Amino acid sequence: MRPYIKSIISSFLVILACLGLGRFAFGMVLPNMQETLNITTTQVGFIGTANFIGYIIGIFFANFLYSKYTTHKLIFITIVLQGLSMLAMILFDDYLLISFFYTLSGFFSAIVNMSIMAYMANVIPKEVRGKALGIIVSGSGLAIIISGQLVPIIENMISDMPWKTSWAIFAFILILIAFFSQPGIKKHASHKMPDTKVKANKYFKIPSFWKIGIIYMIFGISYSIYVTYFVSAVIDKYNVSTSLSGDFWTVVGFCSIFSGFIFGLIADKIGPYKTLIFVYVLQTISHFILAIDINSYAIWFSAIIFGISVWSIPSLVALLTSLHFDVKRTAQVLSLVTLLFASCQAIGPVTAGYIYDITNDFSYVFMITSALTFSAVIISFIFSKQPIKQIH
């Protein structure tokens with residue numbers, strides 16, 4: 001991977017920005033946002049869902065823009081616009097207006113994420129692609145660590161709506177990363193994706209497409225609920241402080257830094273489907289712990305095993321896409337399966353918020369997600385018994 005180190009570092013920063021701080025840090029500011037805006041869990045879930053809806057819309061533009069502009073220019077512009085849309089969120093106290101600007105943030109993050117993942121999947125050689133993709137998706141983990149430690153500090157320093165200060169800092173970091181990520185991406189800026197027009201009907205008839213799609217859809221629902229409500233659930237269930245919940249969240253982030261690399265390495269050795277069996281077993285346990293009444297120390301274990309496995313799934317999906325389909329179709333298929341994934345993750349937060357408002361208990365929410373992830377264990381096991389044939 002030595003010739004591609006600069007590109008990998010730049011891509012790591014891009015994922016840290018567009019997904020890590022732009023999306024996954026939202027879970028840390030959510031409790032204070034809900035309290036200061038005086039809104040229901042369903043409404044705050046709607047804000048999270050709005051981001052995912054924007055992400056879905058952005059997917060439809062990603063391939064067109066990727067083929068029209070050089071990668072480094074496209075990523076620079078869209079990260080800056082995402083940062084500005086995040087800054088706009090703090091100017092309002094109405095959750096609908098906040099949702100609107102978070103929708104824009106999701107729109108731009110989709111373009112950034114799709115572009116960098118397709119770019120890396122085609123630039124990095126096949127034999128080390130799993131490790132490389134694993135490294136870059138771990139950027140989200142570092143962002144979670146940053147948010148887990150920074151948000152409680154800000155809440156202790158600022159009494160009036162501290163979530164706005166935290167969110168503004170994250171937005172400014174995004175804009176800085178837009179500049180710092182440029183050199184590594186420019187190194188391979190001449191790379192172009194051929195034939196990026198998505199022909200959905202063509203792929204919907206291919207079993208390999210649905211193998212990838214089903215696995216990614218289950219992840220979309222389950223992870224979006226966990227990352228959105230983990231902090232709120234821990235505070236609600238065990239009445240812990242924001243600082244301690246931030247420590248739990250930091251553990252998630254720290255462990256997730258290694259998840260993509262570890263399971264990418266394993267996937268290069270034993271194959272992606274067999275690797276997904278282990279990944280989803282860990283995911284199932286992490287969700288189930290939040291669903292049952294157990295000693296609060298178990299939350300550390302949930303955080304560890306969720307973190308150590310979670311970001312391996314997007315990189316494994318990108319790897320599966322490149323293995324099942326040739327280079328000309330990678331961006332097309334990745335766009336479509338990501339669309340399925342994004343549709344499911346959009347359902348997650350608002351549905352979970354509604355279930356909580358009805359039951360006043362997050363246990364029901366995480367019992368459902370643990371059942372979903374366990375179904376993915378069975379599905380991955382079935383697919384692991386079938387050979388991978390590349391479609392040209």
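Just so it is clear, none of the values below were taken in a lab; they were calculated from the coordinates. These numbers come from a predicted model, not from an experiment. Please note: Cβ atoms are built from the backbone with ideal geometry, for glycine as well, and neighbour counts cover all protein chains shown.
Odds and ends about this structure:
- With a simple spin-label model that places each label point 7 Å from the Cα along the Cα-to-Cβ direction, the separation between THR40 and LEU84 comes to 3.6 nm.
- Globularity index of segment 1-153, i.e. its alpha-carbon radius of gyration over 2.2 N^0.38 Å: 1.09
- Overall shape of segment 212-301 was characterised from the C-alpha gyration tensor. The equivalent ellipsoid obtained from it has semi-axes of 27, 14, 12 Å, in decreasing order.
- Share of pairwise Cα separations in segment 323-378, more than 13 Å, in percent: 70 percent
- With the alpha-carbon atoms of the chain aligned to their principal axes, the span from lowest to highest coordinate is 55, 43, 38 Å, starting with the largest.
- Over segment 69-117, volume per residue of the alpha carbon convex hull, in Å³: 53 Å³
- Screening the chain for DSSP H helices whose Cα atoms reach 30 Å or more along their own axis and whose mean Kyte hydropathy is at least -1.0 gives 41-68, 95-123, 207-238, 242-270, 330-359, 362-384.
- Modelled spin labels at VAL327 and LEU97, positioned 7 Å past Cα toward Cβ, are 5.0 nm from each other.
- Working from label points 7 Å from Cα in the Cα-to-Cβ sense, the LEU265 to ASN156 distance is 3.5 nm.
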